[in-house]
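Visitor: Dumping the structure here so I can ask a few things about it.
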Amino acid sequence: MYIIFFVLIITSVFANENTISSKNKDDFTYYLLAAELGNSMAQYNLATMYERGVYVKQDYEDAVKWYKKSAKQGEALAQYNLGVLSVNGQGTKKDYVKAMYWFQKSTEQGNEMAKHNLEMILKTAIGLKE
């Protein structure tokens, strides 16, 4: 009973957040718990903490792991960030095809930054062939 109540509280808190708004290190623990329970926004925020080194040692591989979990649930910003990390080879090997895949997914949800990055990759690829 208490676990269900806790999950509902955490889910409602994370559902209203678009970015990290952590005020102390205990927040990391709550994000981790909610992320492990499958909350996509908590997974996104946890990934961002790992990517930026907020309250944890910066770890791009863990960032990619949590972004993927969030992205597979349809989080456009997680999809976008996976594209960026794939272009830069951070936490994963540099892979423009994978980046294009994630940028396309994010673009389909209206993310203009992803659309721009996808267009830039395509323009660069066309320019290389000419």
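The values are calculated or read from the model by the stated rules, or taken from the named source; none is laboratory data. Remember, it's a predicted structure, so these values are computed and weren't measured experimentally. Note: ideal-geometry Cβ built from the backbone for every residue, glycine included; neighbour counts use all protein chains shown.
Visitor: Which of the residues belonging to region 22-56 are in a loop (DSSP other than H, G, I, E, B), at pLDDT 95 or above and exposed (fewer than 15 other Cβ atoms within 10 Å of the Cβ)? Spell out the reasoning first.
Guide: Start the filter on region 22-56 by keeping residues that are in a loop (DSSP other than H, G, I, E, B), which leaves 22-25, 37-39, 53-56.
In the following step, the residues that additionally are at pLDDT 95 or above were identified as 37-39.
Selection gives Leu37, Gly38.
Visitor: Quick one: count up the residues across region 81-100 that are in a helix (DSSP H, G or I) and either touching a strand residue (DSSP E or B) at 6+ places or on another chain (Cβ under 6 Å) or farther than 16 Å from Asp62 by Cα (or both). Step through it out loud before you land on a result.
Guide: Narrowing region 81-100 to residues in a helix (DSSP H, G or I): 81-88, 96-100.
Cutting the leftovers down to either touching a strand residue (DSSP E or B) at 6+ places or on another chain (Cβ under 6 Å) or farther than 16 Å from Asp62 by Cα (or both) gives us 87, 96-100.
The number of residues fulfilling the criteria is 6.
Visitor: For Tyr101, all conditions in the list (1) closer than 24 Å to Ala35 by Cβ; (2) in contact with a Phe, Trp or Tyr (Cβ under 9 Å, 6 or more places away or on another chain); (3) of a type outside the set (A, V, I, L, M) hold save one; what is the number of the exception?
Guide: Among (1) closer than 24 Å to Ala35 by Cβ; (2) in contact with a Phe, Trp or Tyr (Cβ under 9 Å, 6 or more places away or on another chain); (3) of a type outside the set (A, V, I, L, M), Tyr101 violates only (2).
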